[in-house]
Amino acid sequence: RLHVLEPIPLKLYRNGLMMFDGPFRPFRDPSTQRCLRDLLDGFFPSELQRLYPNGVPFKVSDLRNQVYPENGLDPFPGEGRVVGRQRIHKLPDRMEHPGSKMTPEKFLNRLPKFVIRQGEVVDIRGPIRDTLQNCCPWPAAQVQEIVVETPALAAERERSQESPQSPAPLLSMLRIKSENGEKAFLLMMRPEDTVGDVRTLLAKARAVDTTSFEIISTFPPTVYSDNTVTLQAAGLVPNAALLLRTSRAPP
């Protein structure tokens, strides 16, 4: 009998986050930034891998209209005064966050919500990215995200245009980083598609030979070398974050 893990509560505040029942973790904390960047890159947070070796779903509460009181006191309501200064107003209940101009973001927003393990539906990257970009320094070097045209993407685009009310089929969204980490390829695939299909699409998008690279995951460590295995059988449904590695010369 399969044991379904309880989702980890993840609360996003304007000034930080809280997992489980605490403690509160401000965005300025380096460990918090590492955790969020793991999530933004599509990886399961490294700090949780020992406790949850097979992953666990997240239950996200978007509380970005609230500032968590780091001193343990409730935020002061209304407005206050400081001697010799003008009135200090309470922070507005809501903040406007600049929308991402990245084409992949617009692409992802048109697709069904991401499903992260055990069928838990979570739209997590958008809120976290908005919050992090407003609160924390962001690395100068951004990963270039490239949407790869696939048969599943073409079919989903047609379905959304011709019959948007029809139920969306089960799909897999793969995010695959290049060997040097500078690019990330986004592929929408069907569960019955194979590792070989992914390899062929990647080779075409990169204009390289299919034998020049390996598709791997770091958690758990796996090399996807059998081109006949379906994504469903490989555990790459409904989504997965993978890496590319230059093929090793045979011994």
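Which of the residues spanning the stretch 187-210 are in a strand (DSSP E or B) and either among the aliphatic types (A, V, I, L, M) or free of Cβ contacts under 8 Å to residues at least 24 places away in the same chain (or both)? Steps first, answer last, please.
Here is the first cut: in the stretch 187-210, the ones in a strand (DSSP E or B) are 187-189, 194.
Within the stretch 187-210, Leu187, Met188, Met189 qualify.
Can you work out which of the residues in the stretch 152-178 that are under 19 Å from the mean Cα position of the chain (by Cα) and of a type in the set (Ser, Thr, Tyr) is modelled with the highest pLDDT?
The residue in question is Ser178.
Looking at this structure, is Glu47 part of a loop (DSSP other than H, G, I, E, B) and modelled with pLDDT under 85?
Considered against the rule, which asks whether it is part of a loop (DSSP other than H, G, I, E, B) and modelled with pLDDT under 85, Glu47 comes out as no.
Can you tell me which residues in the stretch 176-222 are at positive phi and basic (Lys, Arg)?
none
Run Leu242 past the list (1) part of a helix (DSSP H, G or I); (2) touching a residue at least 60 places away in the same chain (Cβ under 8 Å) and report the number of the one that doesn't hold.
Result: Leu242 fails condition (1) only.
Are there any pairs with C-beta distances below 6 angstrom linking a residue in the stretch 164-186 that is hydrophobic (A, V, I, L, M, F, W, C) to a residue that is at pLDDT below 90 and part of a loop (DSSP other than H, G, I, E, B), with the two at least 6 apart or on different chains, and if so which?
Note: pairs meeting the criteria are Ala168/Pro112; Ala184/Val143.
Which of the numbered conditions does Ser225 fail, given that it passes all the others? Conditions: (1) modelled with pLDDT of 85 or more; (2) part of a helix (DSSP H, G or I); (3) of a type outside the set (Val, Ile, Thr); (4) exposed (fewer than 15 other Cβ atoms within 10 Å of the Cβ).
(2)
Can you spot a residue in the stretch 166-176 that is farther than 20 Å from Val147 by Cα and polar (S, T, N, Q)? Steps first, answer last, please.
At the first step, the residues of the stretch 166-176 found to be farther than 20 Å from Val147 by Cα are 166-167.
When the remaining residues are screened for being polar (S, T, N, Q), the result is 166.
Yes, the stretch 166-176 has at least one match.
The values are calculated or read from the model by the stated rules, or taken from the named source; none is laboratory data. All figures in this text were calculated on a predicted structure; none of them were measured in a lab. We place every Cβ from the backbone using ideal geometry, glycine too, and count neighbours over all the protein chains shown.
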